[in-house]
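S.K.: One structure is given below, represented as structure tokens, and several questions about it will come after.
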Amino acid sequence: MLILGIESATGRVGCAIGSHEGVRASVQATRERRHAELLAPQIQAACAHADISLRDVAAVAVDVGPGLYTGLRVGVTTAITMAHALRVPVVAVCSLDLVAFPLRHTGRSISVMIDARRGEVFHARYGCLPGGVQRLSDPEVVTPDHIVSQMLARDDESLVVGDGAVRYASMFEGLRGVELADPGFAHPSAESLVLLAHSRAVREEFVRPDEIEPLYLRRPDAQPNPIAGRS
């Protein structure tokens with residue numbers, strides 16, 4: 001089963017194509033606010049690298065957040081459009097799961113922090129399982145101070161990862177039992193999306209395109225102005 005993965009929850013945007021044999025092609029770029037213009041050419045390039053046609057895709061996987069509003073909207077809209085056009089199902093995956101997954105062999109608890117701006121992060125904790133990770137807390141939007149307080153109270157061995165961890169690294173340096181992950185793991189990856197989505201697709205954990213709901217956790221920074229004079 002070939003899966004097309006679309007990931008756009010942070011400043012990085014990308015896609016990947018893979019199956020039970022692994023990832024066959026991936027394309028990504030980190031360019032703020034250019035998700036809409038980059039994603040379609042990336043999908044075309046990934047298909048060319050994998051030597052397939054879009055008609056060969058059996059499912060579309062998409063990162064549904066939490067993340068930055070504009071990027072999420074671009075990725076989810078693209079996934080819905082392609083799923084309808086190709087008449088294939090969708091696998092929805094949380095962005096925090098994607099950041100935690102590559103660190104599944106760490107042996108520590110994992111605190112994922114995606115930069116939410118406004119001095120906040122999107123956060124969830126994970127534990128390691130054979131071959132994967134298990135989410136231990138629901139996704140939330142909190143301040144880094146709140147996470148530091150939780151870590152001090154638990155006093156366990158923690159690995160901190162995500163672009164939020166990179167941004168607020170000074171707050172976690174020196175905490176006993178806390179290690180900062182390599183910045184190369186800071187963003188959700190389309191490769192992890194394809195790998196996680198394949199196991200869910202095998203279990204037929206699909207959603208219909210019209211059922212996809214991005215996990216924003218809070219309202220976007222920009223809100224439309226009310227129309228003056230409306231009664």
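Derivation of every value follows stated rules applied to the coordinates shown; laboratory data play no part. Computed from a predicted structure; not experimentally measured. Glycine also receives a Cβ, built like all others from the backbone with ideal geometry; neighbour counts cover every protein chain displayed.
S.K.: Conditions: (1) touching a Leu at 6+ places or on another chain (Cβ under 8 Å); (2) among the aliphatic types (A, V, I, L, M); (3) in contact (Cβ under 8 Å) with a residue 40 or more places away in the chain. Residue 43 meets all but one. Number of the miss?
M.R.: Every condition holds for residue 43 apart from (3).
S.K.: Follow-up question, since we're still on this one. For the range 65-97, enumerate the residues that are farther than 12 Å from residue 4 by Cβ, under 13 Å from the mean Cα position of the chain (by Cα) and not in a helix (DSSP H, G or I).
M.R.: 65, 66, 67, 68, 92, 93, 94
Here's the yes/no breakdown for (1) under 22 Å from residue 168 (Cβ atoms); (2) touching a residue at least 12 places away in the same chain (Cβ under 8 Å); (3) surrounded by 24 or more Cβ atoms within 10 Å (Cβ to Cβ); (4) not β-branched (Val, Ile, Thr):
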residue	(1), (2), (3), (4)
88	no, yes, no, no
92	no, yes, no, yes
97	yes, yes, no, yes
103	yes, yes, no, yes
106	yes, yes, no, no
113	yes, yes, yes, yes
125	yes, yes, no, yes
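S.K.: On to the next question. Restricting to the range 46-60, and then to whatever is touching a Leu at 6+ places or on another chain (Cβ under 9 Å) and not in a loop (DSSP other than H, G, I, E, B), can you tell me which residue is surrounded by the fewest Cβ atoms within 10 Å (Cβ to Cβ)?
M.R.: Applying the filter and picking the extreme gives 55.
S.K.: Can you name the condition, by its number, that residue 39 falls short on among (1) in contact with a Ser or Thr (Cβ under 7 Å, 6 or more places away or on another chain); (2) within 30 Å of residue 147 (Cα to Cα)?
M.R.: Unmet condition: (2).
S.K.: Let me ask something additional. Looking for whichever is in contact (Cβ under 8 Å) with a residue 12 or more places away in the chain and touching a Cys at 6+ places or on another chain (Cβ under 9 Å) here; the options are 22, 65. Which one fits?
M.R.: None of the other options fit; the residue is 65.
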